[in-house]
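Please read the structure below before turning to the comments.
The values are calculated or read from the model by the stated rules, or taken from the named source; none is laboratory data. This structure is a prediction, so every number in the text was calculated from the model and none was measured. Don't worry about glycine lacking a Cβ; one is built from the backbone with ideal geometry, like all the others, and counts go over all protein chains shown.
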């Protein structure tokens, strides 16, 4: 199976913003092949100061870089037919489709690739916990101390490690809470563990709907993805 772990950096968040960096790593049968695609892009617009603080990519640095139209064909050829592995996929795919939509004769991302959203996967595996890329690195013991600023290729490398650990059999059974660690120790000692079924009815009753909670989590995950300074992820 061929997979492409992908991340982008942009001029900002929202309508009218553009991609300024694409980073991709290739996996075949869950092994790194050494093939990668990395490209900085001239967005023909200014980078928002807030975004620049996150990724450190300046307007001056991008002046001599190609525009997306100049690299679209080679980028499409690299990802075509693969499963894309992306954290918070709607963000990156939305920007990719916006760029492709400005050109004539280019398909949408979903027309040439399948898409695996690791944020959705992480929420299923770790419900009720923080599932930003930084949070997952802490949970799975991945050293990302060298990640002072966001970068598409660096974040793709980190995401690839996270994804392989999340989906690698027993490696996804890492327990990170004190209660879970105690339960694991009791199991190892042969002690029987009982759970009060009434506890489940006491969880997550905060007066908000499922839709509101989902939208709130999506916003926090998006902010986490694009900013290491978010206090709630510390």
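Structure notes:
- Within the set 76, 22, 86, the sole residue that is closer than 30 Å to residue 136 by Cβ, surrounded by 16 or more Cβ atoms within 10 Å (Cβ to Cβ) and over 19 Å from the mean Cα position of the chain (by Cα) turns out to be 76.
- Any hit, the stretch 46-55, residues being under 15 Å from residue 22 (Cβ atoms) and surrounded by 14 or more Cβ atoms within 10 Å (Cβ to Cβ): yes
- Taken over the stretch 96-128, the criterion of being free of Cβ contacts under 8 Å to residues at least 40 places away in the same chain and over 25 Å from residue 39 (Cα atoms) is satisfied by 120, 124, 126, 127.
- Any hit, the stretch 53-73, residues being under 16 Å from residue 7 (Cα atoms) and within 17 Å of the chain's Cα centre (by Cα): yes
- The set of residues in the stretch 1-19 being crowded, with 17+ Cβ neighbours inside 10 Å and farther than 19 Å from residue 113 by Cβ consists of 9, 10, 11, 12, 17, 18.
- Of all residues in the stretch 96-137 being in a helix (DSSP H, G or I) and closer than 14 Å to residue 5 by Cβ, the one that is modelled with the lowest pLDDT: 133
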